[in-house]
Amino acid sequence: SQQLKTIETCLFNEKIKKTLDKLGDWNWSIFELEHLCPGKSMVLCAHHIFTKLDLFNKFRINTHQFVSFFTTVESSYGSNPYHNALHGTDVMKSMYYWIKSDEYTSYIRDIDVLVALVAACVHDFKHPGTNQDFHNKTESDLALLYNGKSVLENLHCSEALRLLFKSPHHHCNLFSGIGCKNELNYIRECLADMILATDMTHHSELMKTTREMMKRRQEVRNGVCQNSREIERKNCLTIGMHLCDLSNPTYSWKDCKVWTYLLMQEWYKQGDKEKELGLTVSPMMDRNNPNVPRGQIGFIDYIVTPLFENWGSLFPEADVCLQNLKRNRKNWEKRLLKENTQPAENENENENEDQSSNEEEAKEHVKDLHLEKTASKQSKA
Ligand code: 8BR
Ligand code: ZN
Ligand code: ZN
C-alpha cells in the first residue's frame, strides 16, 4: 500500500535512522524526529519499537494492519496544541524506556508490553482540547454520556477500541493475529484500565498503591512474604502509564519548556472559551494573568517529584528523571524570581534569550502540526 511505501522510504533516510537509533534514551527528544518527518513520528516510532522488541513475530502482527492502525491514530488524533498525536507518541517512547528495564519487565508479561505501548499512543485519542471540568460545567454531550466521570479518558478508550475492533474489514485490527478469545478480552480490559488510569483524579490512589508496592517488595526482600510479582502486574502498568503521562518536567529543559508552552496554549484557549461563555476562568487558564513558573513548581513539588521518587525506589532507571526534575525546578525558580523582580512593563525589553527561543521553537512546532493536518487532508482527497 501507499502508506507502507511512505514509511519504508522514511526508514531508509539516514537522518531519520540515526535519530530513531537513540529512541531508548530518556533524554531523547520527539521534536527532533517530528521535524524530520512531520506527521509520521507515531508510526515510525511504533515501527522502530515493535521491531526492536520483536512484537511483529511474537504476536503475528500484519504489517498492513499495523501501518493502517498507527497512521489512522496519528492523522485523526486531533490538532490541539498539546493533546495531539505527538504527546501520544511521546508517552509511548517514555513507556518504552521502562519496558527496556529488566526490573520493570520482570513484573509484566509479553502481552502487557504490547498493550502498554498501544495504550500510551491512544491515551489522549480524540481529545477535545478542553478538560473534564469544562465539560461538566457546560453540561456537554460528553459529560452527559459519561455521567461526569473520567469523561475524556472514557472517550479516548472508547474511540481507540472502536478503531481497533470495529473498523471496516478489520482494517486497523492490530491484534488480528491473536486467535485466543481470552487473550483478546484481556487486551481490551488492560487497554481500558491503563487509559482510565491517566485520569488525574486517580493520582492519590495510584500514589497509595505505589507505597504499598514498595512495602511489599521490602517484605519479599526480608523473606516475610512470597514473591509478589503477579499481584504487581496491573499496578506496574497503570502507575507506569500515569507516570509517563506526567513526565514532561523530567525531560531535558528544552523539551520541558516546549511541552509546557504547548499545554499553556491549550489552556489559554479554554480560558478564552470560558470568558466567551461568561464562566469563571479556570486557574492557570487566563492568558492575561499567566502564572507558569509558579504553576510548574507546584506541579513538580506536589505531584511529579513524589511520584518519581517513589517509583525510583522501585526502579533505579528513574535516576536520570530525578536529576532532570531537580534542574528544571531550579530553572522555573529562576524565572519566578526574574518575574518578581522585573516590573511588568519591562517584560518585553528584558525578555531573556532563552525564553524567546523557546517560544519560537514551540511556535515552529505548532506550525508543523498544521502542516500535518493539511497534508493528511490532501492525502485523503
Ligand atoms: P493529560 O496529559 O492526560 O492531560 O494529564 C496531564 C495533566 O497534568 C494535565 O492535564 C495538567 O493538569 C497537569 N500538568 C501540569 Br499542572 N503541568 C503539566 C506539564 N508541564 N506537562 C504535563 N501535564 C501537566
Ligand atoms: Zn489525558
Ligand atoms: Zn496525556
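Can you say whether Phe165 is away from ligand 3 (no atom under 16 Å from the Cβ) and part of a helix (DSSP H, G or I), as far as the supplied structure shows? In short, yes.
One residue stands out among those in the range 87-109 that are in contact with a Phe, Trp or Tyr (Cβ under 8 Å, 6 or more places away or on another chain) and more than 15 Å from ligand 2 (Cβ to nearest atom): the one that is nearest to Asp25 (Cα to Cα), which is Tyr97.
Here the condition is being in contact with a helix residue (DSSP H, G or I) (Cβ under 8 Å, 6 or more places away or on another chain) and within 16 Å of ligand 2 (Cβ to nearest atom); of Asn27, Asn84, it holds for Asn84 alone. The C-beta contact set for the range 1-30 (first residue surrounded by fewer than 18 Cβ atoms within 10 Å (Cβ to Cβ), second residue among the aromatic types (Phe, Trp, Tyr), distance under 6 angstrom, 6+ apart or interchain) comprises Lys22/Trp28.
The single residue among Thr198, Thr130, Thr210 that is more than 13 Å from ligand 1 (Cβ to nearest atom), crowded, with 17+ Cβ neighbours inside 10 Å and under 24 Å from Tyr302 (Cβ atoms) turns out to be Thr210.
Residues checked against (1) within 16 Å of ligand 3 (Cβ to nearest atom); (2) closer than 24 Å to Cys45 by Cα:
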residue: Ser106; (1), (2): no, yes
residue: Leu114; (1), (2): no, yes
residue: Ala120; (1), (2): yes, yes
residue: Phe125; (1), (2): yes, yes
residue: Leu144; (1), (2): no, no
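Every residue, every condition in (1) part of a helix (DSSP H, G or I); (2) within 16 Å of ligand 1 (Cβ to nearest atom); (3) surrounded by 15 or more Cβ atoms within 10 Å (Cβ to Cβ); (4) of a type in the set (Phe, Trp, Tyr), yes or no:
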position: Leu174; (1), (2), (3), (4): no, no, yes, no
position: Ser204; (1), (2), (3), (4): yes, yes, no, no
position: Lys234; (1), (2), (3), (4): yes, no, yes, no
position: His242; (1), (2), (3), (4): yes, yes, yes, no
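Every residue in the range 185-202 that is of a type outside the set (Ser, Thr, Tyr), assigned to a helix (DSSP H, G or I) and within 16 Å of ligand 2 (Cβ to nearest atom), please. Within the range 185-202, Leu191, Ala192, Asp193, Met194, Ile195, Leu196, Met200, His202 meet the criteria.
Give the residues of the range 117-145 that are over 30 Å from Leu53 (Cα atoms) and within 14 Å of ligand 2 (Cβ to nearest atom), sorted by residue number.
Of all residues in the range 117-145, those over 30 Å from Leu53 (Cα atoms) come to 128-145.
Result: Pro128, Gly129, Thr130, Asn131, Gln132, Asp133, Phe134, His135, Leu142.
We did not get these values from a lab; they are worked out from the coordinates using the rules stated. These figures come from a predicted structure and were not determined experimentally. Note that each Cβ is placed from the backbone with ideal geometry, even for glycine, and that neighbours are counted across all protein chains shown.
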